[in-house]
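This report refers to the structure that appears directly beneath it.
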Amino acid sequence: MRLHNLLLSNVFLSLLLLGAGASFAHRALEPAEGRPGPWIGEMRAADEAFDTVANGFVNRMSGGLAALYSEDAGPYPGGPEAAARAYLRDHAARFALTHAGTDLVLDRIQRSPAGVHARFSQSIGGVRVWRADLVVTLDARAERVRAVSSSYDPILANTAVGTAPAIDAAQARRLAMAAIGIDEKTRLLGETAAPALWIVREQDQVGSPARLSWRVLLPVESPMGDWEVFVDASDGNVLRLVDQMVYVDGSGYSFDPDPLTTAGVVYGGQYVDNNDADAAVLNNERFLVPLRDLTLSGGVYHLRGPWVYLEDFESPVSAPPTSADPNGFVFTRNQQGFEDVMAYYGIDQSQRYMQSLGFDDIQHLPIHVDPHGLSGQDNSHYIPSTNKIAWGEGGVDDAEDMDVLLHEYGHAIQYSIVPGWGGSTQERSMGEGFGDYWAGSYSASISPWHSEWVFSWDGHNTFWGGRVLNSTQGYNNLNGDIYHDGTIWASCWWLIHAECGREVTDRDMLALHYSMGTNGTMPQAAGFAMQADKEMYGGLHSGSLDYYFTLRNFWTAAQYDVPVLAHSPLGDQSTGGPYPIAVTIQSTSAIVANSVKVKFGTGTAFDQEQTLQPTGNPNEWGGAIPGQGGDVTIRYYIQADNAATWRGASPRGAEYQHYSFYVEPLTAVEELGGSRQLAILPPSPNPFNPVTKLRFDLPEAGSARLTVHDLEGRLVRVLNDAALPAGRHAYVWDGRDDAGRAMPSGLYFVRLESPSGDRSRKILMAK
């Protein structure tokens, strides 16, 4: 993304003429010929100051908590709203709620994998206060409070503000249009909500002067912008003029994710845009991708589905393609339909991926997109008021690079969770950083080639330099530029991504937004990520989050008391076990009894565990992993909880990071000797086609019946029905029944019956 030039001279002129009541916009308007001036944007003072306290932050101006984590208050009955309100009544002083929360209006209840979130707005006389919100995060049962984010303004709560407008909504709309330089004949880029009354503070900060205002939304193509206009409801003066569009510079969409990444090359030679011309090397990087749930209408298929709706709502005119064959959307990059297909596929798969992570209420509708917009400019934008995205065509076409596509969708994701996202400079920076991270996370799942580059095809070339995810700067290097600061935010998450894996990091990143209001800071967001991980994973990754947020100066090392575990990994083994294991733990708070555990398994799951106990050595716990047979790889990690309710792991980033050791094939004596428990060991392989090895342990000699059954419980094969000595035994099933007939693919059960008890395991034959 390249930053737009700000028209600073016009901005300062506006301030001189309009006085302290004016404020800057995200993008200043340049006076056009015949348009009266001056024109104001939104000026934002420095973000409010916060002091660090135990498990949270205090707003210096209000004296109340602005963010609180690791709370465990309750239970409170009556559902999410009642529970949240009861908690706020009990703790009103901590959050500086001067009316015990009675002036809070419920905006919405949200559910995420990290809990239930009650989102409120402060109000005066029933009119909401802009960007004075409060979010209470509860557990999944909506009974216990876990975290709180607050932008409540106690000074305003005791200030007299009139709530009866002197001008009506229609007048406010006309004044807003005049401020932009348009009239009723101007075509809007979609329908918007009717003007609404809000109480707006200068700079959206605690204690700032406030006015009753109409909020008018006007998305227009010329002057391009998703204009948000606040009109003083008493005298009609325009208080604030904001372009809400979120712009990303670029011009290109990959294929999946882009031709340079999949080809493993950099921009140059034959791998250049060449004014969108077809080239064999570029067309060879196209992939046939699924276009799910297309709409059949009028006898043809349209690129319209449950999550994406292709629409031509901006210049230039380029109608979305249709096809009589659902498999007929096949284009080369020189054809306009190519970008339409990529836009549909990219957003559709991103939405379905979010749902697979457990988030089924984010952008849960078809978002309207135009891959050929912005009058062909080399830029892209998300339009919050109409929930639309458009991409330009300058340089590399924006809709040819999956990074650009998903960056813009990242803005739509944030606005869906937190309406009005971006009230502070740091939130707007986090918006850019999240978009970069979301794009990079997907690209890295396809190929590691320059995975640290964002906009690999659209940028990092002659058009512009692109952005990166491997910046080494930290929170102390913020400079107020949202693109620079966004890179700092994204790069810290990129370190977490490398240690914890895509799925865990994406879930923590998405979930933190549910606890945030519209004026948050990066340290607050990081704290909410810690809380979200605690709710979704028991805090298993809190050590990784804490380590990297500390490393990048988002907080100090003393902010969180997460146990730090040290363990010398086991090497490969040649005996049947058990395998002694020890770990030392550093923690300011006491370690919870029986919480130190080694989690292990011989497959993809860590489905077994052993509790470790203090050894008598300082800060040391020990135990053993029991034998799992020979010719097997055992994967494991260790975890521990402390009284501060945090969980540490060794290695950090478990389960994505883990230790492993290989046990060599064992001799007959090793297989049969030693004390064993009755067990059917993991079949190898499983799934299988059509042969698998079935092994089991008998703790004592006696009869043993080993059988295979189908999903309905019917007997398929008897592998053994005779007495056997104590020890380990192995049989092979060739996928046939007792009559020698080959069985079909599907799920089967292995059953072992013996004097010591019965055991069973599932096996899957996949042909």
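The values are calculated or read from the model by the stated rules, or taken from the named source; none is laboratory data. Bear in mind the structure is a predicted one, so any value in this text is a computation, not a measurement. Cβ coordinates were reconstructed from backbone atoms using ideal geometry, including for glycine residues, and neighbour counts include every protein chain displayed. Ligands, DNA and RNA are stripped out before the accessible areas are found, and what is left, the full protein with its side chains, is counted by its heavy atoms. Shrake-Rupley method; radii C 1.70, N 1.55, O 1.52, S 1.80 Å.
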Test residue 481 against the criterion of being at pLDDT 95 or above, open to solvent by 20 Å² or more (accessible area, probe 1.4 Å) and within 27 Å of residue 61 (Cβ to Cβ), and give yes or no. yes
With the structure loaded, tell me whether residue 242 is under 29 Å from the mean Cα position of the chain (by Cα) and either crowded, with 22+ Cβ neighbours inside 10 Å or in contact (Cβ under 8 Å) with a residue 40 or more places away in the chain (or both) or whether it fails that test. yes
Take residue 216 and tell me if it is free of Cβ contacts under 8 Å to residues at least 60 places away in the same chain and in contact with a helix residue (DSSP H, G or I) (Cβ under 6 Å, 6 or more places away or on another chain). yes
The number of residues in segment 183-218 that are more than 26 Å from residue 64 (Cα to Cα), in contact with a Ser or Thr (Cβ under 8 Å, 6 or more places away or on another chain) and modelled with pLDDT of 90 or more is 3
Among 64, 79, 115, which is the only one that is of a type outside the set (A, V, I, L, M, F, W, C), farther than 20 Å from residue 511 by Cα and in contact with a strand residue (DSSP E or B) (Cβ under 8 Å, 6 or more places away or on another chain)? 64
For segment 571-605, name all the residues that are at pLDDT 95 or above and assigned to a loop (DSSP other than H, G, I, E, B). 587, 588, 589, 590, 592, 593, 594, 595, 596
If residue 301 meets every condition in (1) open to solvent by less than 10 Å² (accessible area, probe 1.4 Å); (2) in contact with a Pro (Cβ under 6 Å, 6 or more places away or on another chain); (3) among the hydroxyl-bearing types (Ser, Thr, Tyr) apart from one, which number is that one? (1)
More than 17 Å from residue 343 (Cα to Cα) and either surrounded by fewer than 18 Cβ atoms within 10 Å (Cβ to Cβ) or out of contact with any Pro (no Cβ under 6 Å at 6 or more places or on another chain) (or both): does that describe residue 261? yes
Is one or more of the residues making up segment 402-416 farther than 14 Å from residue 350 by Cβ, open to solvent by less than 10 Å² (accessible area, probe 1.4 Å) and at pLDDT 95 or above? no
Unique residue being among the hydrophobic types (A, V, I, L, M, F, W, C) and open to solvent by 70 Å² or more (accessible area, probe 1.4 Å) when the list is 706, 666, 678, 711: 711
I'm told residue 386 meets every condition in (1) under 17 Å from the mean Cα position of the chain (by Cα); (2) open to solvent by 10 Å² or more (accessible area, probe 1.4 Å); (3) among the hydroxyl-bearing types (Ser, Thr, Tyr) except one. Can you identify the failing condition by its number? (1)
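Okay, residues lined up against (1) more than 22 Å from residue 117 (Cβ to Cβ); (2) surrounded by 24 or more Cβ atoms within 10 Å (Cβ to Cβ); (3) in contact (Cβ under 8 Å) with a residue 12 or more places away in the chain:
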{"position": "530", "(1), (2), (3)": "no, yes, yes"}
{"position": "533", "(1), (2), (3)": "no, yes, yes"}
{"position": "547", "(1), (2), (3)": "yes, no, yes"}
{"position": "562", "(1), (2), (3)": "yes, yes, yes"}
Output for segment 534-581, where each listed residue is farther than 23 Å from residue 623 by Cβ and of a type in the set (Val, Ile, Thr): 550, 556
Just checking: which of the strands (runs of 3 or more DSSP E) contained wholly in segment 618-671 hold 2 or more residues that are free of Cβ contacts under 8 Å to residues at least 40 places away in the same chain? 620-625, 632-641
Can you tell me which of 164, 140, 147 is surrounded by fewer than 24 Cβ atoms within 10 Å (Cβ to Cβ) and under 29 Å from residue 536 (Cα atoms)? 140
Every residue from segment 725-736 that is open to solvent by less than 30 Å² (accessible area, probe 1.4 Å) and out of contact with any helix residue (DSSP H, G or I) (no Cβ under 6 Å at 6 or more places or on another chain): 729, 733, 735
Kindly establish whether residue 128 is touching a His at 6+ places or on another chain (Cβ under 8 Å) and either among the β-branched types (Val, Ile, Thr) or open to solvent by 50 Å² or more (accessible area, probe 1.4 Å) (or both). no
Examine segment 454-461 for a residue that is farther than 21 Å from residue 281 by Cβ and either open to solvent by 40 Å² or more (accessible area, probe 1.4 Å) or not in a helix (DSSP H, G or I) (or both), and state whether such a residue exists. yes
Can you pull out the residues in segment 737-754 that are open to solvent by 60 Å² or more (accessible area, probe 1.4 Å), over 45 Å from the mean Cα position of the chain (by Cα) and within 26 Å of residue 678 (Cα to Cα)? 738, 753
Filtering segment 484-511 down to residues that are open to solvent by 10 Å² or more (accessible area, probe 1.4 Å) and touching a residue at least 60 places away in the same chain (Cβ under 8 Å) yields 497, 499, 502, 503, 504, 507
Just to check your reading of the model, which residue among 226, 204 is more than 30 Å from residue 395 (Cα to Cα), buried (at least 18 other Cβ atoms within 10 Å of the Cβ), acidic (Asp, Glu) and under 35 Å from the mean Cα position of the chain (by Cα)? 204
What pairs can you find where one residue is in segment 169-186 and outside any helix (DSSP H, G or I), the other is of a type in the set (Phe, Trp, Tyr) and open to solvent by 50 Å² or more (accessible area, probe 1.4 Å), and their Cβ atoms are less than 8 Å apart, with a gap of 6+ or different chains? none
Here's a check for you: in segment 363-380, which residue that is more than 15 Å from residue 319 (Cα to Cα) and aliphatic (A, V, I, L, M) is least open to solvent (accessible area, probe 1.4 Å)? 367
Do you know which residues across segment 592-609 are among the aliphatic types (A, V, I, L, M) and either open to solvent by 40 Å² or more (accessible area, probe 1.4 Å) or farther than 18 Å from residue 641 by Cα (or both)? 592, 593, 605
Looking only at residues that are surrounded by fewer than 20 Cβ atoms within 10 Å (Cβ to Cβ) and hydrophobic (A, V, I, L, M, F, W, C) in segment 329-361, which one is farthest from residue 256 (Cα to Cα)? 357
